[in-house]
1. Are any of the pairs Lys65/Lys220; Lys71/Lys218; Lys35/Lys215; Lys155/Lys218 more than 26 Å apart by Cα-Cα distance, and if so, which?
2. Please report, in whole Å³, the volume per residue of the convex hull around the C-alpha atoms of region 140-205.
3. Give me the accessible area per residue for region 169-231, probe 1.4 Å, as a whole number in Å².
4. Any idea what the dipole of the chain comes to, in debye rounded to 20, about its Cα centre with Lys/Arg Cβ at +1 and Asp/Glu Cβ at -1?
5. Would you mind computing, in nm to one decimal, how far apart the modelled labels at Arg136 and Glu221 are, each placed 7 Å from Cα along Cα→Cβ?
6. Long-range amide H contacts for Met50: which residues qualify at under 5 Å (H placed 1.01 Å from N, peptide plane, sequence gap of 5 or more or a different chain)?
7. Any idea of the accessible area per residue across region 1-51, 1.4 Å probe, to the nearest Å²?
8. Cα convex hull of region 1-138: how many Å³ per residue?
Amino acid sequence: MYTQYAGALRRSPLFRDISDDNMYSMLSCIRPRIKRCERDNILAIEGDRMEGVHILLSGTVTIAKETAGGKRVILSVLRSGSMFGEMAAFTREGTWPATVLCTEDCEILLLPVHSIVGMCSHGCEGHRVMIVNMLRILAEKAIGLSRRVEYLSIKTIRGKIARLLMDLHEKTESNYVRVHMNRNEMADFLGVARPSLSRELSNMQNDGLIEYIGKEFKLKELEALTEIMYN
């Protein structure tokens, strides 16, 4: 029953270095639940009890927090194959640290924590690899949260934009990058006003630093963008 989600499952880092046969064997053993959430509906509210680790099979979700002043801050926008909730799922409290909104119709694979780290009664070959993958994912997520703090600590809007684009450049090793957020989401993510973001993007294009159409960006002056991040 999981073969129809093969593409999303293969993109998930949880199943890295696990063959298709072993992956499907594990899933048949674990029997994770598949949840569905319609567009513009809330999957989880901050403070709700967690049921486990979530893998997005289809659709898009936005993870956000509300500040004390009532402002929404977007933490991430996730697409098919992405995993979320894994850090909080392993805490003693086991509650959602943020609100999860389905911005498209979604299907989500729910894996209880014990099914990931517990001993497999059937001795599935891929289970040990999955545990190692989970440890790596948690470590990388911790580093990512540290990077998020860096975004918020940068004083200028230009510096925040440069940091975001250079991080994408680092991941793709390409001067052509795609920001998987619309302008409102990007502004929330960087903690700036939407009009200010749009104005600074236009200024950076006029200054010859970048070119962009919608979500597609060409990074023209890598050295200059790197200097901007640290000034």
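The values are calculated or read from the model by the stated rules, or taken from the named source; none is laboratory data. Everything quoted here is computed from the prediction, not taken from an experiment. Cβ: placed from backbone, ideal geometry, glycine included. Neighbour counts: every protein chain shown. The accessibility values were calculated without ligands, DNA or RNA, using every heavy atom of the protein model including side chains. Shrake-Rupley method; radii C 1.70, N 1.55, O 1.52, S 1.80 Å.
1. Working: Lys65/Lys220 34 Å; Lys71/Lys218 31 Å; Lys35/Lys215 29 Å; Lys155/Lys218 24 Å.
Going by Cα-Cα distance, Lys65/Lys220; Lys71/Lys218; Lys35/Lys215 fall outside the 26 Å limit.
2. Details: hull volume 5.7 nm³, N = 66.
Per residue, the Cα convex hull of region 140-205 comes to 86 Å³.
3. On the way: 3730 Å² over 63 residues.
About 59 Å² of surface per residue is accessible.
4. 300 debye
5. 3.8 nm
6. Thr95, Trp96
7. Working: 3260 Å² over 51 residues.
Value for region 1-51: 64 Å² per residue.
8. Details: hull volume 14.1 nm³, N = 138.
Dividing the Cα hull volume of region 1-138 by its residues yields 102 Å³.
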